Amino acid sequence: MVQRSSLHSARAAFRALIVVAGACLALAGVVRAAETSSGAAPAPDEWQLPRAMHSAMKDRPIIRVGAKAGDLIGADGRALQAAVDYVAGLGGGTVEIGEGVYLLRDSLHLRSHVTVRGQGEKTVLKKAPCAASPLALDGDFGEEQITVKEPAGFDVGDGVAVWDSGSGGFHTTVARITGKSGRTFSISRPLNADCMVGNKAQAATVFPVVSGYDLEGARVENLSIEGDRERNVHLNGCRGAGIFLYRAFGTVIEKCMVRGYNGDGISFQQSNDVQVLSCISEGNAGLGLHPGSGSQRAVVRGCVARKNGGDGLYLCWRVRHGLFEENQLLENGGFGISIGHKDSDNLVRKNIVRENDKHGVYFRDEAEGMAGHRNRLEENLIENNGRGADAAGIAIDGETRGISIRGNTIRDTRPEPERRQRTAVRIGKKAADIQIEENRLEAEKKVEDLR
């Protein structure tokens, strides 16, 4: 009887174990199903990033900078740059800048895949007054130091530009001061050209307020840039602007304002797929908006370029396959829009081009191989241009080919004694294949064909 009782108990225990095991397996199945439904297992549409061994993450780093409160506290460029570099070191994310005025003695240098976001007009990045001095010694090509006559105001960490009368444009060097010995300063990059004392070589602590070099996928949003034009010397648009990009592919600049910079407002060079959206460039010494040097597939939309010293929108060299739409080019000291050297296959539409000093839209005088071919002007309002002298709404010079002018309104609404936009479309002697269709032309000369 003892043996039968033990056997019975053993069987009962075994049956209980089977029940428990079944329950555990069922629970495991529920857990696995829950894990699968909650995303622990890869979904069929999950893809790794192009240049990383992981998929896109929902949450990315965010750091907040403020003049009085934030993760980092400071009212100058050092706090802003520390935040940008920290987020860049984590592979990208967002830097949020609070209200306040931030004084910059060097550019805020953008980094790849980092978004810098302010609070609109309440977040002001202000250019510090510059120091300037002639060079005391020649600055040689490739040299990484300069010696100035008057070192006051030049400090370690400052942005600095170096040039002479023969080294403007891209030959101007913009760098940072990294060290100091008396009147001699080391700089962060080699000089781009010889800067000779005999050619009036000089250095000045001027730089773009926001700049991006050799990067991709950066964003700048909701910032106000104050250039302090009166207390800074001029920096050319090939190397500087209130916001400046150089080989900064796919960068987006949105809802930013640039005022009073002693140079261009917004300039991007050798930078493909840049977008400039809903920005204002106002009262700058140079060009308002300056895409150039081979920048392809740019989108400039919904921007205002107003009361700048040069052209409102200047397509520099090899700007191709771009879209420039719904912008306002107003009261600028040059042309409203200028198109020239190899600037081909762009669409310019639904812009307002008004009260600029020279022609509303100008195709520059270039030989056939270098002219701006196959550009389309559609549904633009071009009026009241030529504030200083007689002008055309659209003037086409050079051996320019394949221009389409369709659905535009070109007129001068000022009282007769004040009218200067006397010609709607002027076609130069060497232009060809110009199509003018379905436009509203109101001028003394609707089409002046000089061919």
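Taken together, the values in this text are just the output of simple stated rules run on the coordinates, not laboratory data. Source: prediction; values computed, not measured. We place every Cβ from the backbone using ideal geometry, glycine too, and count neighbours over all the protein chains shown.
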Fill in: Over region 184-309, relative contact order from alpha-carbon pairs under 8 Å, at least 6 apart, %
21 percent
Worksheet item: Cα axis of helix 77-89 to longest principal axis of the chain: angle in degrees, 0 to 90, nearest 10?
Response: 50 degrees
Worksheet item: Near Lys430, which lysines are there with a Cα under 25 Å away, not counting those fewer than 8 places off in the same chain?
Response: Lys342, Lys358, Lys445, Lys446
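Please list 169-178, 315-324 highest first by mean number of surrounding beta-carbon atoms within 10 Å per residue.
315-324, 169-178
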Worksheet item: Between (i) 63, 51, 44; (ii) 103, 62, 52; (iii) 128, 67, 41, which matches Cα extents along the principal axes in Å calculated for the structure shown?
Response: (iii)
Response to the item:
Given pairs Lys127/Lys350; Lys58/Lys126; Lys68/Lys127; Lys68/Lys122 and cut-off 22 Å on Cα-Cα distance, the over-length ones are Lys127/Lys350; Lys58/Lys126
Fill in: Cα-based reach from Lys200 at 17 Å (exclusive), listing aspartates and glutamates while leaving out same-chain residues under 8 positions away
Asp138, Asp140, Glu150, Asp164
Worksheet item: Measuring from centroid to centroid over Cα atoms, what is the spacing of region 119-164 and region 379-400 in Å?
Response: 39 Å
Worksheet, complete the sentence: Among GluC sites (Glu not before Pro) in region 382-449, those in a DSSP loop whose Cβ has at most 12 other Cβ atoms within 10 Å are Glu438, Glu444
Worksheet, complete the sentence: Ranked output for segments 346-356, 327-337 by mean other Cβ atoms within 10 Å, highest leading, reads 327-337, 346-356
Discussion item. With an 8 Å Cα cut-off and a minimum separation of 6 or more residues, compute the relative contact order for region 387-451 in percent.
Written reply: 42 percent
